[in-house]
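The values are calculated or read from the model by the stated rules, or taken from the named source; none is laboratory data. Source: prediction; values computed, not measured. Counting neighbours? That spans all protein chains shown, and the Cβs are built from the backbone with ideal geometry, glycine included. Each accessible area value is taken on the protein alone, full model and side chains, heavy atoms only, with ligands, DNA and RNA left out. Shrake-Rupley method; radii C 1.70, N 1.55, O 1.52, S 1.80 Å.
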Amino acid sequence: MDALRNEGIATWFDLGLMLDRLRDGHRTPSLSFDDDFDTFARHISHGVGLVTFHCSVDGVTVEIGKYAEALRRILPEPQLQLITGRFDVRAEPIVDPKVERHVLPGMDGFSDWHLYRDFFHRRMERGSPLYNSLILALWDDVLVLAERLGRLIERCDIRLLYVINASSNPGNVALALALVLISEHMRIPVIANNHDFYWEGGAAREEGEGPAGPRNHFFTNSHLGEVFSIVQMVYPWLARTWISANINRRQSAQLVRRFGHNPANVTELGTAVNTALYAPLNRPRRVEVLRQLSCLLMGSRERLVANSVATVLRQDPVAADLRQPLLLAAREMRNVDVVRDNVILLQPTRIIKRKRIETNFRVISRLFSDAEFINAFQHSPNLK
């Protein structure tokens, strides 16, 4: 911490030069382990830190539960530490109770990081008041988070950091920088598990130019090279001690070809389904689950009603009762049966543009061009 404070970071150029020194001053190999994998596994089992912005009822938290289980299968009795900026009580059933939880203030991301709006929603000009003040506020955040993380790593003897999304999606730039500095100064290897990158669905654009992508705001200050280069350098960090585990090959190819990452440090780790937990149900249990679904959709009503899309579009959204589940259909139906005669497709995501919900309708359209699928509907007139 003394070394970091003595850096005297006061400008964006100071920060960029410090990161350049770190990146260009790597020894090769920068970190090595002179024994076999089993010995290494025992070594890091003393402490593995799972790091993310926050835990709630969301996809990332579900994946963390899977990673914890996988680590228990790979490592001998690992001590798993979940490090997050916020832990929603509703995530309790998702996260293994054997994983020790640590909530560190300042780690939360996106709108819950106090500098997020200044960084990505306010256009700066070189020498402006925001330009000059933001770097000082950012560096203060970095020092605070580095110290909190460093103390926790020492106390819990953490020997591997497994970072989920915090080093690929710029929800908290101070956290990403702190993770880089901690891993370099404390010589801790990092697996950066990347679900989303800031350039996916985002690009620099002038006012009124081209369509607005869902991540264009990350490029608000891309015209300032000394500012935007920080984002480019740390999302994710390029070092032999960092492995980038992406969810698809396209992301890996981008890191190698566009950002110069070593292919040996880039890999894929797709999502997985626990086939023991999510096994096919027998018929009585399936009927029971569908009845529960029907009750959820009914809410406080006596029967399940489907609203016609046309009617809903004409309604005032402010006046609508959003506390009730909303079931849509091509035409109004006063009593819908979801227990029998249904083909059900599930997309358990938020209703936001980048989740591409319209793809579901393309899938359905393609299904109805399949002869076998059409035949099933023709021979089952009640099928929905």
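Among (i) 47, 32, 18; (ii) 44, 27, 20; (iii) 36, 22, 21, which is the computed semi-axes √(5λ) of the Cα gyration tensor in Å? Recomputing semi-axes √(5λ) of the Cα gyration tensor in Å here gives the entry labelled (ii). When the Cα positions of PHE377, GLY106, VAL273 are compared along the charge dipole of the chain, PHE377 comes out farthest toward the positive end, with charges on each C-beta of Lys, Arg, Asp and Glu. Packing-based ranking of 8-18, 234-244 yields 234-244, 8-18, ordered from highest to lowest mean Cβ neighbour count within 10 Å.
Taking θ as phi - 60° and the Karplus parameters 6.51, -1.76 and 1.60, the scalar couplings of segment 356-364 work out to 6, 5, 4, 4, 4, 6, 5, 4, 4 Hz in sequence order, x denoting glycine and proline. With a cut-off of 13 Å on the backbone N, the residues of segment 153-187 near the modelled label site 7 Å out from MET1 along Cα-Cβ are 153-155.
Rounded to the nearest 20 Debye, what is the dipole magnitude of segment 40-81 about its Cα centre when Lys and Arg each give +1 and Asp and Glu each give -1 at the C-beta? Don't skip to the answer; put the middle values down first.
On the way: 4 positive and 4 negative charges, 37 e Å.
Roughly 180 debye for segment 40-81.
With a ≥ b ≥ c the root eigenvalues of the C-alpha gyration tensor of segment 13-147, is it rounded (a/c under 1.5), prolate (a/b larger than b/c) or oblate?
Values: a/c = 3.14, a/b = 1.37, b/c = 2.29.
Judged from the Cα gyration tensor, segment 13-147 comes out oblate (a/c at least 1.5, b/c at or above a/b).
Within the straight-line cut-off of under 29 Å between alpha carbons, the lysines reachable from LYS384 are LYS353, LYS355, sequence neighbours fewer than 8 places apart in one chain being disregarded. The gain in end-to-end length when the ASP337 to THR349 segment is fully stretched comes to 1.9 nm, 0.36 nm per residue minus the alpha carbon separation. Rounded to the nearest 20 debye, the dipole size of the chain about its Cα centre is 1320 debye, using +1 on the Cβ of Lys and Arg and -1 on the Cβ of Asp and Glu. The accessible surface of segment 252-317, taken with every protein chain in place and a 1.4 Å probe, is 57 percent carbon and sulfur.
Using C-alpha pairs below 8 Å separated by at least 6 residues, the relative contact order for the chain is 13 percent.
Would you calculate a helix-derived [θ] at 222 nm for the chain, using -39,500 (n - 2.57) for each DSSP H run of n ≥ 4 and dividing by the full residue count, to the nearest 500? List each step's numbers first, then the result.
Working: 13 runs with 149 residues, N = 384.
-12000 deg cm²/dmol, from helical runs alone.
Taking the average, over residues, of other Cβ atoms within 10 Å as the packing measure, peptides 353-362, 54-63 rank 54-63, 353-362 from highest down. Accessible area per residue for the chain is 58 Å², calculated with a 1.4 Å probe on protein heavy atoms, without ligands, DNA or RNA.
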